[in-house]
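S.K.: Please find one structure pasted underneath; my questions will follow.
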Amino acid sequence: MILRNALALRESINEYRESMHEVAKKKGISDPSVIQISKQLDGKIICCKKLCLILILQLYQKSSLIITMGQA
């Protein structure tokens, strides 16, 4: 579930990047709409990093549990 959300978020980030580049080409990088898209993009990138960290922690916990059970 988390992996699916992370992948969907990554796709959304790519779409926002493309959108931001197109708007910036037409209106310039200091246009308020470009800045707004950039802020939204930043939020999505932060969420994606958090989801990836959660996935890494879950994988680590599972691998630690397997190692601990193997030693018992």
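S.K.: For I2, indicate whether it is free of Cβ contacts under 8 Å to residues at least 24 places away in the same chain and either touching a Lys or Arg at 6+ places or on another chain (Cβ under 6 Å) or β-branched (V, I, T) (or both).
M.R.: In short, no.
S.K.: Name every residue in the range 2-39 that is in a helix (DSSP H, G or I) and more than 30 Å from L53 (Cα to Cα), in order of residue number.
M.R.: Correct list: E22, V23, A24, K25, K26, K27, P32, S33.
Each row is one residue, and each column tells you yes or no for (1) on the phi > 0 side of the Ramachandran plot; (2) aromatic (F, W, Y); (3) surrounded by fewer than 12 Cβ atoms within 10 Å (Cβ to Cβ); (4) at pLDDT below 95.
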site: N5; (1), (2), (3), (4): no, no, no, yes
site: K27; (1), (2), (3), (4): no, no, no, no
site: D31; (1), (2), (3), (4): no, no, no, no
site: V34; (1), (2), (3), (4): no, no, no, no
site: L51; (1), (2), (3), (4): no, no, no, yes
site: L55; (1), (2), (3), (4): no, no, no, yes
site: L59; (1), (2), (3), (4): no, no, yes, yes
site: I66; (1), (2), (3), (4): no, no, yes, yes
site: Q71; (1), (2), (3), (4): no, no, yes, yes
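The values are calculated or read from the model by the stated rules, or taken from the named source; none is laboratory data. The structure presented is a predicted model; accordingly, all values stated were derived computationally and were not measured. Cβ coordinates were reconstructed from backbone atoms using ideal geometry, including for glycine residues, and neighbour counts include every protein chain displayed.
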